[in-house]
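Okay, structure first, notes after.
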Amino acid sequence: MMIVGITGGIGSGKSTVAKMFTKLGVPVYDSDAEAKNLMTTSPEVKSAITDLLGNEAYSGDALNRTYIADRVFKDSALLEKLNGIVHPAVGKHFLDWAQKQESAYVIQETALIFENDAQDKYDCTILVTAPVETRIQRVMDRDKIAAQAVVDRMKNQLDDGQKRKLAHYTIENLDLDETKKKVNELHLKLLALSSKF
């Protein structure tokens, strides 16, 4: 089975693109959702996060996302330590999940493939892009946060120019009809490619 990574900066619309692949019958693993799930359900992960960030990281059994975001997005060393807890747990969970799928290829939707130098874990990678101004506006609308908060998060990600050089395929996500057309074309290419695996 072929393993495809789909990535893109915050607000690029990688989740929108991933959903289009889901509609085509491709199993998609949402790393963000699964990370949040593991952060609240895995005793090992919870314990490690509490050791790192203190008891305020949780409000009862729920993740105190505002507190965590305030701490880690202003402190790259702390963010790196948090990622060092969560990413390996997600990686293992993904591989267990992938082995249970019956399809020509599976997709892992994840934000930091190139930042974590993880591209070698995938048979091919798809980068979703959009202009920076568009991305900032999308995240402000979605998360109801200020532009500066979005920019702070963007600083932890490589810019699209660097990522384009590393990705196998790039989809610019501005016009939804155009994006859907590109996804359909790419799906056919990936199906053909997957026959070699």
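Any read-out appearing in this document is the output of simple, stated calculations on the displayed coordinates, not a laboratory observation. Because the structure is a prediction, the values reported are computed rather than measured. So basically every Cβ, Gly included, is an ideal-geometry build from the backbone, and we count neighbours across all protein chains shown.
For the stretch 150-173, name all the residues that are in contact with a strand residue (DSSP E or B) (Cβ under 8 Å, 6 or more places away or on another chain) and in a helix (DSSP H, G or I).
160, 163, 164, 166
Being of a type in the set (S, T, N, Q) and assigned to a helix (DSSP H, G or I) is the filter here; which residues of the stretch 174-197 pass it?
179, 184, 194
For the stretch 88-106, name all the residues that are surrounded by 17 or more Cβ atoms within 10 Å (Cβ to Cβ), farther than 21 Å from residue 193 by Cα and not aromatic (Phe, Trp, Tyr).
89, 90, 93
Can you tell me which residue among 179, 129 is within 21 Å of residue 24 (Cβ to Cβ) and under 16 Å from the mean Cα position of the chain (by Cα)?
Answer to the selection: 129.
Step by step: first the residues of the stretch 114-147, then only those that are out of contact with any Leu (no Cβ under 8 Å at 6 or more places or on another chain) and β-branched (Val, Ile, Thr), then the one that is farthest from residue 5 (Cα to Cα). Which residue is that?
145
Would you confirm, using the coordinates I've provided, whether residue 129 is closer than 27 Å to residue 72 by Cα, among the hydroxyl-bearing types (Ser, Thr, Tyr) and touching a strand residue (DSSP E or B) at 6+ places or on another chain (Cβ under 8 Å)?
yes
Residues that are within 18 Å of the chain's Cα centre (by Cα) and either among the aromatic types (Phe, Trp, Tyr) or at negative phi (or both): list the helices (runs of 4 or more DSSP H) wholly contained in the stretch 1-115 that include at least 3 such residues.
Filter on the stretch 1-115 gives 14-23, 31-41, 65-72, 76-99.
May I ask you to list pairs of residues, at least six apart or on different chains, whose Cβ atoms are under 6 Å apart, with the first in the stretch 179-197 being on the phi < 0 side of the Ramachandran plot and of a type in the set (Val, Ile, Thr) and the second being assigned to a loop (DSSP other than H, G, I, E, B) and surrounded by 12 or more Cβ atoms within 10 Å (Cβ to Cβ)?
Pairs found: 179/173.
Select from the stretch 117-148 the residues that are of a type in the set (A, V, I, L, M, F, W, C), assigned to a helix (DSSP H, G or I) and without any contact (Cβ under 8 Å) to a residue 40 or more places away in the chain and write down the one among them that is surrounded by the fewest Cβ atoms within 10 Å (Cβ to Cβ).
Per the criteria, the residue is 147.
Step by step: first the residues of the stretch 25-62, then only those that are hydrophobic (A, V, I, L, M, F, W, C) and surrounded by fewer than 16 Cβ atoms within 10 Å (Cβ to Cβ), then the one that is nearest to residue 98 (Cα to Cα). Which residue is that?
Among those that are hydrophobic (A, V, I, L, M, F, W, C) and surrounded by fewer than 16 Cβ atoms within 10 Å (Cβ to Cβ), it is 33.
Results for (1) touching a Cys at 6+ places or on another chain (Cβ under 9 Å); (2) among the polar types (S, T, N, Q); (3) touching a residue at least 40 places away in the same chain (Cβ under 8 Å), shown as yes or no for each residue.
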residue	(1), (2), (3)
59	no, yes, no
63	no, no, no
66	no, yes, no
70	no, no, no
79	no, no, yes
84	no, no, no
90	no, no, yes
93	no, no, yes
